[in-house]
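Colleague: A single structure is presented below for examination.
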Amino acid sequence: MEDIKRNIAAIRSTLPANVELVAVSKFHPVEALQAAYDAGQRVFGESRAAELAAKAVALPDDIRWHFIGHLQTNKVRQVVPHASLIHSIDSERLLRMVNAEAAKIGRTIDVLLQVHVAQEETKYGFSPDELVAMAENGILSEMTSVRVVGVMGMATNTDDETRIAADFDAIRDTFARLHDGAMAKHPEFTVISMGMSDDHQLAIAHGSNMVRIGTAIFGYREY
Ligand SMILES: *Cc1c(COP(=O)(O)O)cnc(C)c1O
């Protein structure tokens, strides 16, 4: 547990002031999260609905829970009461579902639109053009219980830094197209969530202002 505190301090010391650290705590026990909390960490990322819900009731109320994994529509109801930000809106159907659930319980929830740029078939998300098209056709302004505050994306899983940098540029450029276009009148549209343990410094150099770091804080997890 001392390692966790040390890791958080070490990472924090490298982050520019405008970059938010999301401590990705999926698959780690509440004791590990409590150690991070005691080190001052208040934003945690989880990728499974039931796990997020269970941890949210077990840990202090001032934690801001981020849902970062692929969200199945039948799990939305479990996540919406607890999450302060959902990173992974990857379809119009999911967006509508989150909006409907949030309306039902009388809250407004912040979300990011997931951009798919990586060279992998299995990753979720909108292509940049799909995302811009969706934003331009006015759907986002129909969402009365959802605030779209930015974009999220992942780089290709490779050692090729040029490829990774190009992916981050593509995510940032998608943010810029929305920011200067369909979202221009939305001052809350500010977040670029990209970068994980191995690539967060490169992500920040390419425009990230929210990094999602698991292994470098909590160590390796067992799936
Ligand atoms: C697990 C996960 C992370 C954290 O990855 P690490 O390499 O452990 O830092 C970040 N983002 C998403 C979407 C994840 O699923």
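Colleague: If you take every DSSP beta bridge fully contained in the chain, what fraction is antiparallel? Give it as a percent rounded to 5.
Modeller: 0 percent
Colleague: Shifting gears a bit: Under a point-charge model restricted to the Cβ atoms of Lys and Arg (+1) and Asp and Glu (-1), what is the dipole moment magnitude of the chain relative to its Cα centre, in debye to the nearest 20?
Modeller: 760 debye
Colleague: Which length gain, in nm to one decimal place, applies between ALA133 and GLU2 when the Cα-Cα distance is subtracted from 0.36 nm times their residue separation?
Modeller: Length gained between ALA133 and GLU2: 42.4 nm.
Colleague: Can you compute the helix-only [θ] at 222 nm over the chain? Use -39500 (n - 2.57) per DSSP H run of at least 4 residues, normalise by all residues, nearest 500 deg cm²/dmol.
Modeller: Per the formula, -11500 deg cm²/dmol.
Colleague: While we're on this one: Which of the listed residues, THR162, PHE189, ALA133, is farthest toward the dipole's positive end in the stretch 113-223, when Lys, Arg count +1 and Asp, Glu count -1 at the beta-carbon?
Modeller: PHE189
Colleague: Right, next: Please report, to one decimal in angstroms, the Kirkwood hydrodynamic radius of the stretch 24-108 built from all distinct Cα-Cα pairs.
Modeller: Taking the inverse mean of 1/r over all distinct Cα pairs, the stretch 24-108 comes out at 13.1 Å.
Colleague: Just the Cα atoms of the stretch 142-201, one point each, no solvent: what log10 I(q)/I(0) does Debye give at q = 0.22, 0.27 Å⁻¹?
Modeller: Result of the Debye calculation: -0.86, -1.09.
Colleague: Excluding same-chain pairs closer than 8 in sequence, count the lysine pairs in the chain whose Cα atoms lie under 21 Å apart.
Modeller: 8
Colleague: At what distance in nm do the modelled label points of THR144 and LYS104 sit from each other, each positioned 7 Å from its Cα along Cα→Cβ?
Modeller: Between THR144 and LYS104, the label points sit 1.7 nm apart.
Colleague: Which value in Å does the Kirkwood hydrodynamic radius of the stretch 87-223 take, with 1/r averaged over all unlike C-alpha pairs and then inverted?
Modeller: Across the stretch 87-223, the inverse of the average 1/r is 15.5 Å.
Colleague: For the stretch 8-47, take N as its residue count and report Rg(C-alpha) divided by 2.2 N^0.38 Å.
Modeller: Taking the Cα Rg and dividing by 2.2 N^0.38 Å, one obtains 1.16.
Colleague: When a footprinting reagent is the concern and you count Cβ atoms within 10 Å, what order do TYR220, TYR37 take, fewest first?
Modeller: So the residues, fewest neighbours to most, are TYR220, TYR37.
Rule-based calculations on the coordinates, nothing more; no lab input. Here the structure is a predicted model, which means the values were calculated and not measured. Every residue, glycine as well, gets a Cβ built from its backbone with ideal geometry; the counts of neighbours run over all protein chains shown.
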